[in-house]
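Single-structure report; data block below.
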Amino acid sequence: MQNSNNFFFSKILNNNIHNINDSVIGKLNDLILDFSSSKPIVKAIEVKNGRRLFYVSSDSMEVLKDEKDKYFVRLNANSIIVMPTPESEIFLAREFLDKQIIDINGKKVERVNDVRVGQIEGIWSILAVDIGLRGLFRRLGVEYLVIKVSTLLKKEFRNRLVIWDDVQPLSNGIQNLQLATSMNKIRTLHAADIADIMEDLDKQSQINLFQSLDDDTAAEVLEEVDTDVQVSLIETLPDEKASDLLEIMPSDEAADILEEIEDARAEKLLIQMEAYNQSEIRELMEYDEKTVGSLMMKEFISFNPENTVGDALLFLKENKPEEDIAHYLYLTNEKKDLVGVVTLLDIVEADFSTQLGTLAASNLVSLRDEDKIERAMELMQKYNLMALPVIDENDELVGTTSLSDLIHEYIRLRRVST
């Protein structure tokens, strides 16, 4: 029999625990984790003796295995330190086995079938999670049988491990304060990746993940998820929080969400917004959903034709607008009528003193706010454009619409109609 400094948790789960005199004190029912370090460390052992549960320190825990790969747990100490019954601890089997985690590297949701535990500088720590079928068969006690069958079929049967550095655990309950406040790994991902992950989670995990995000990230993620998830998440938030997030989002996206929720709640959220944002969103909600006006962005950059390239570059440097807004600069007169469009590439290549009006293309292409979405798609394709300005019946520039928004909305309407 030899000491083992790393093992799969299922190998010791429900095994007898021996003391230094080799008498059995009970079975290993679970391990209690401490998340205050970069890797979770094993803080204590939950021992089951008949119907009784008690907790002992893991400091003296030894794990041994024999030549048949059978594992044994021993407390190598003259006296066993019994700990108070935990009130809000994180348990390995209870909180992780069969639960969802996020593989940060793979950018997807996985289910934990087993956990790799090992010693780092003498301290038992969580090293990795096993997300493969082998981990599940190991827990069922048929791992070696399946290996024999795989060998006969000349197929490999490997573990699928995700190292802990790439694991984002999810809080499955409000008592798990350590998990709820350790969502730093997920914040390294793009909002679109977080949205894809969120859509694969169960409802409670969606809520836990969403509420762990800062407001700016949460707003970006809310833009990316499907409509039903948007509505579900907004419904879980207090009015003030929901209203704040909707104000951060582009007004067209906020309007789309508000149109999907109950009228009384939508009105509550609108009332709590700043007057300017509220007015923009209400205006968008008045359009028929099949028109360009219903999905246009109210955020855009406009200049007077007499402004110079230097003026434009200084504005962009100081305000740092989003990429989808900064690509086109719109030229308007004193009445806010659209009179021209200049691309970002146009001004980068021009002298600082050049007036923007001299760079505008002669063939101005635009949409009316009451145009159908199909009309917008036709113009985008015909002129190979990524965005188009939107004007009202008085030729006033009232918004812009992008190709990605049009495609997304077109697909959604097709899905609804079928």
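What follows draws every value from the coordinates through simple rules; no lab data is involved. None of the values given here were measured: they were computed from a predicted structure. Glycine gets a Cβ as well: all are built from the backbone with ideal geometry, and neighbour counts include every protein chain shown.
Quick notes on this one:
- Calculated from backbone phi, Karplus (6.51, -1.76, 1.60) coupling profile of the stretch 317-327 in Hz, x at Gly/Pro: 5, 6, 9, 6, x, 4, 4, 5, 8, 7, 5
- Amide proton proximity set for V115, modelled H, under 5 Å, gap of 5+: F9, S10, D130
- The T151 and N105 beta-carbon pair, evaluated with R₀ = 41 Å, returns a calculated FRET efficiency of approximately 0.85.
- A Gaussian network model of the chain, with springs between Cα atoms under 10 Å, assigns the largest mean-square fluctuation among I123, I257, I186 to I123.
- Here's the picture: a label point sits 7 Å out from the Cα of E67 along the beta-carbon direction, and within the stretch 1-39 the residues with their amide nitrogen under 16 Å of it are 1-3.
- Across q = 0.12 Å⁻¹, the chain modelled as identical point scatterers on its alpha-carbon atoms has Debye log10 I(q)/I(0) values of -0.98, in the order of the q list.
- In the chain, the longest principal axis of the Cα atoms and the axis of helix 203-212 are about 70 degrees apart.
- What the phi angles of the stretch 81-98 give under the Karplus curve with 6.51, -1.76 and 1.60, with θ = phi - 60°, is a coupling list of 8, 8, 9, x, 4, x, 9, 9, 9, 9, 9, 5, 5, 5, 9, 10, 4, 6 Hz, glycine and proline written as x.
- Spacing of the modelled spin labels on S302 and E393, each 7 Å from Cα toward Cβ, amounts to 1.9 nm.
- Under 26 Å from K372, Cα to Cα: lysines that are on another chain or at least 8 residues apart: K290, K298, K335, K336, K382
- Residues with amide H under 5 Å from that of M83, placed H, sequence gap 5 or more: Y55, V56, S57
- Dipole-positive endmost among V398, V142, A192 within the chain (Cβ charges, Cα centre): V142
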